[in-house]
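Let me begin by presenting the structure, written as structure tokens, before commenting on it.
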Amino acid sequence: MIIAPSFLASDFSRCGDEARRVGRSGADWLHLDIMDGHFVPNISFGPAVVKAIRPCAKIFFDVHLMCSKPEILLEPFVAAGADQLIIHVELGDQVTPLLWKIKSLGKKVGLAINPPTAISEVQPYLDKIDTLLVMTVNPGFGGQQFIYETLPKIQQVAEWRRERKLRYHIEVDGGINFQTAAECARVGADTFVAGTSLFSQRNMKAAVKKMREIVKAHDPALADLAV
Ligand code: DX5
Ligand code: ZN
């Protein structure tokens, strides 16, 4: 199980301190949302910011590219310290060359899917990725409401993972709090991105621990072991 606070919800006037707070929280990954003002109607931050906070936390940097032209950004984000690069399946024909490019750079490979896109779109790539990110809000902004209609998609990719004996992480992103994390865990998610719900807590360490316990209690695989 992976808990990944999303840096988009941090206080940008104190980037270094916020990254250190995540580093000390017991979280597994730091999720970094990159928005280009074209693929999504918002702009966040770029490789310079990622490079600046890299020394502040010894944690896995999970870089989510919500960008129309990720090909121009892969090398800069690798140089800035990314451990995983996630691109979107909505990019169509570009997906296969992008996945190969990320692999050739020696980094973990992620593929994301937006709520309106049919889940069958990710099927051809499942044996080529380390992480499948199922967006649980429409990307672009933090602090949105979880879209419950995405739960069957999570269930489907968990089924495919079992059937095909694959090992990709099933990551959920958007509107994840203690309650929705439980709902996602129940249908097979194992990697939880949470922005607002973790950064808004005075004690992030306690919040990460609580989210971990809730997920554990709702994970059917772990529940089976307990029987
Ligand atoms: C949404 C981003 C998310 C965002 C989640 O476009 O991809 O990672 O930070 O934020 P919360 O947890 O506040 O919904
Ligand atoms: Zn994200």
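Among residues that are within 23 Å of residue 192 (Cβ to Cβ) and away from ligand 2 (no atom under 16 Å from the Cβ), residue 26 is included.
Of the listed requirements (1) within 16 Å of ligand 2 (Cβ to nearest atom); (2) open to solvent by less than 10 Å² (accessible area, probe 1.4 Å), residue 157 misses just one: (1). Cβ-Cβ distances below 6 Å connect the following pairs, each with a first residue in the range 29-40 that is in contact (Cβ under 8 Å) with a residue 60 or more places away in the chain, a second residue that is among the β-branched types (Val, Ile, Thr), and a separation of six or more residues or different chains: 29/2; 31/193; 35/43. Of all residues in the range 81-93, those satisfying the criterion of being open to solvent by less than 40 Å² (accessible area, probe 1.4 Å) and within 15 Å of ligand 2 (Cβ to nearest atom) are 82, 84, 85, 86, 87, 88, 89. Of the residues making up the range 57-80, those that are open to solvent by 20 Å² or more (accessible area, probe 1.4 Å) and either farther than 20 Å from residue 168 by Cβ or in contact with a helix residue (DSSP H, G or I) (Cβ under 8 Å, 6 or more places away or on another chain) (or both) number 10. Identify, please: which residue in the range 6-23 is open to solvent by less than 20 Å² (accessible area, probe 1.4 Å) and either acidic (Asp, Glu) or assigned to a loop (DSSP other than H, G, I, E, B) (or both) and is, among those, nearest to ligand 1 (Cβ to nearest atom)? Result: 10.
Number of residues in the range 132-153 that are in contact with an Asp or Glu (Cβ under 9 Å, 6 or more places away or on another chain), aliphatic (A, V, I, L, M), under 23 Å from residue 8 (Cα atoms) and free of Cβ contacts under 8 Å to residues at least 40 places away in the same chain equals 3. Every condition in (1) open to solvent by 50 Å² or more (accessible area, probe 1.4 Å); (2) of a type outside the set (A, V, I, L, M, F, W, C); (3) in contact with a His (Cβ under 6 Å, 6 or more places away or on another chain) holds for residue 131 except the one numbered (1). Looking at this structure, is residue 168 closer than 21 Å to residue 32 by Cβ, more than 16 Å from ligand 1 (Cβ to nearest atom) and among the aromatic types (Phe, Trp, Tyr)? Considered against the rule, which asks whether it is closer than 21 Å to residue 32 by Cβ, more than 16 Å from ligand 1 (Cβ to nearest atom) and among the aromatic types (Phe, Trp, Tyr), residue 168 comes out as yes. Of all residues in the range 143-165, those that are in a loop (DSSP other than H, G, I, E, B) and in contact with a strand residue (DSSP E or B) (Cβ under 7 Å, 6 or more places away or on another chain) total 0. Looking across the range 133-177 at every residue that is more than 16 Å from residue 40 (Cβ to Cβ) and among the aromatic types (Phe, Trp, Tyr), the one that is farthest from the chain's Cα centre (by Cα) is identified as 160.
Residue-by-condition table, conditions (1) more than 16 Å from ligand 2 (Cβ to nearest atom); (2) among the hydrophobic types (A, V, I, L, M, F, W, C):
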{"position": "1", "(1), (2)": "yes, yes"}
{"position": "31", "(1), (2)": "no, no"}
{"position": "34", "(1), (2)": "no, yes"}
{"position": "41", "(1), (2)": "no, no"}
{"position": "49", "(1), (2)": "no, yes"}
{"position": "64", "(1), (2)": "no, no"}
{"position": "70", "(1), (2)": "no, no"}
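The values are calculated or read from the model by the stated rules, or taken from the named source; none is laboratory data. All values derive from a computational prediction rather than experimental measurement. Glycine also receives a Cβ, built like all others from the backbone with ideal geometry; neighbour counts cover every protein chain displayed. What goes into the accessible areas is simple: the full protein's heavy atoms, side chains included, and nothing from ligands, DNA or RNA. Shrake-Rupley method; radii C 1.70, N 1.55, O 1.52, S 1.80 Å.
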